[in-house]
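Structure, as structure tokens:
The values are calculated or read from the model by the stated rules, or taken from the named source; none is laboratory data. Note that the structure is a prediction, hence the values are computed from the model and not measured. When we count neighbours, we look across all protein chains shown, and the Cβ atoms used for this are built from the backbone with ideal geometry, even at glycine. To get the accessible areas, we keep the full protein, side chains included, count just its heavy atoms, and leave off ligands, DNA and RNA. Shrake-Rupley method; radii C 1.70, N 1.55, O 1.52, S 1.80 Å.
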Amino acid sequence: MASKEPEHEQREDEEAPAAEDEDTGAQVAPIVKLEEIAVSTGEENEDPILDLKSKLYRFDKEGNQWKERGAGTVKLLKHKDTGKVRLVMRQSKTLKICANHLVLPTMSVQEHAGNDKSCLWHARDFADGELKDELFCIRFASVENCKTFMEVFQEVAESQNSKEENEDASAAAESLEKLSVEEKKAEVKSGEEKAVATEEEKETEKADAEKKEGEAASST
């Protein structure tokens with residue numbers, strides 16, 4: 001009959017607690033020293049007006065179908081200096097830009113027929129590094145978020161229109177002011193030229209009178 005004692009001893013060895021590692025006090029310096037790198041998002045000079053999670057689609061004219069651009073966060077960002085507002089959306093995982101364009105006064109956002117969580121708009125987009133005419137469709141998780149997006153988008157577009165009108169009015173006022181100043185200078189210059197001409201005429205008349213007097217005296 002085979003003995004089971006080796007097996008029993010082996011089991012005891014396996015169940016025995018492992019000895020704790022002794023602390024030698026040695027310190028290991030890292031092989032590579034990593035330095036912090038400041039990452040620029042390009043949004044440092046902009047204030048967020050809107051920030052909502054969504055999924056973006058673009059209409060493919062060649063295939064005559066909607067294609068997904070990505071799921072992430074859509075933002076409306078207002079520049080601190082110029083006051084211009086742009087729409088930016090990045091994919092949530094890769095942070096790749098899905099949409100990047102200015103919100104212009106000529107833009108309008110419309111509800112998507114048959115889906116009250118989606119809306120549509122046209123834009124000159126720069127997400128691919130060049131300007132392209134795009135038809136976008138964006139879908140939100142709730143009807144409320146879609147309505148919020150549409151309202152804020154439209155308000156921004158109208159405010160940009162007012163801003164441009166004010167800039168045009170200011171530019172026109174400056175042009176008129178410049179024109180009036182130039183006209184005033186021209187009037188002053190014309191007056192000075194007339195005064196000089198009058199003096200020249202007087203001098204000529206005086207010279208003619210003296211000449212006639214001299215001729216009369218010599219004849220006598």
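See the values below:
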| read-out | value |
| --- | --- |
| Qualifying residue in the stretch 154-171 (condition: among the small types (Gly, Ala, Ser), open to solvent by 30 Å² or more (accessible area, probe 1.4 Å), under 29 Å from GLN65 (Cβ atoms) and at pLDDT 85 or above) | no |
| Which listed residue is within 17 Å of GLY129 (Cβ to Cβ), crowded, with 18+ Cβ neighbours inside 10 Å, in contact with a strand residue (DSSP E or B) (Cβ under 9 Å, 6 or more places away or on another chain) and at pLDDT 95 or above, from VAL88, VAL74, VAL109, VAL103 | VAL88 |
| Some residue of the stretch 115-123 being open to solvent by less than 20 Å² (accessible area, probe 1.4 Å), of a type in the set (Ser, Thr, Tyr) and either modelled with pLDDT of 95 or more or part of a loop (DSSP other than H, G, I, E, B) (or both) | yes |
| Of the criteria (1) closer than 17 Å to PHE153 by Cβ; (2) free of Cβ contacts under 8 Å to residues at least 12 places away in the same chain, which one LYS61 fails | (1) |
| Some residue of the stretch 32-40 being at pLDDT 70 or above and under 30 Å from VAL156 (Cβ atoms) | no |
| Matching residues, the stretch 124-145, being open to solvent by less than 90 Å² (accessible area, probe 1.4 Å), within 15 Å of PHE59 (Cα to Cα) and touching a Leu at 6+ places or on another chain (Cβ under 8 Å) | ASP125, LEU135, PHE136, CYS137, ILE138 |
| Which numbered condition GLY70 fails, given (1) among the small types (Gly, Ala, Ser); (2) over 16 Å from PHE140 (Cα atoms); (3) assigned to a strand (DSSP E or B) | (2) |
| Hits in the stretch 42-60 - residues which are among the acidic types (Asp, Glu) and open to solvent by 60 Å² or more (accessible area, probe 1.4 Å) | GLU44, ASP47, ASP51 |
| ARG86 closer than 18 Å to GLU43 by Cβ and touching a Gly at 6+ places or on another chain (Cβ under 7 Å) | no |
